[in-house]
Amino acid sequence: MDNEKKTLKIMIELYCKKHHNSKKNTLCDSCLELFNYAIQQLKKCPIKEEKPVCQKCPIHCYKPEKREQIRKIMRYSGPKMIFYHPIIAIKHLINKTKN
């Protein structure tokens, strides 16, 4: 779960920096709210450690509005992760294809 939190935070930071002009390693209020929401949902996850990536999860625990926000962020940040955080990006891709 820690890797998932770290990956999520990095993806939201990349998105926030570009779209909300936040500084490196910081989040605007709306992105921070989304990150905190996502962390709360991860903590409540009944699957926990065996959880697949959200895209392949049989349980969609995000509210539709939040789910769409996360999708938008991941579509933007996912391809850029290989340049900014290659090891994390590769691990995420492995998890995505494994599950």
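Nothing in this text is a laboratory measurement; each read-out follows from the coordinates by a stated rule. Treat the numbers as computed from the prediction; the structure is a model and nothing was measured. Heads up, the Cβs are rebuilt from the backbone with ideal geometry, glycines too, and the neighbour counts pull from every protein chain shown.
For first residues located in region 8-22 and surrounded by fewer than 16 Cβ atoms within 10 Å (Cβ to Cβ), partners that are in a helix (DSSP H, G or I) and lie 6+ apart or on another chain with Cβ distances below 8 Å form the pairs Lys18/Tyr76; His19/Tyr76; His20/Ser30; His20/Cys31.
Within region 73-99, track down each residue that is within 20 Å of Ala38 (Cα to Cα), surrounded by fewer than 16 Cβ atoms within 10 Å (Cβ to Cβ) and free of Cβ contacts under 8 Å to residues at least 12 places away in the same chain. Selection gives Arg75, Leu93. Within region 20-56, being more than 16 Å from the chain's Cα centre (by Cα) and under 24 Å from Pro79 (Cβ atoms) holds for His20, Asn21, Ser22, Lys23, Lys24.
Taken over region 44-54, the criterion of being in contact (Cβ under 8 Å) with a residue 24 or more places away in the chain and either in a helix (DSSP H, G or I) or among the small types (Gly, Ala, Ser) (or both) is satisfied by Lys48, Glu49.
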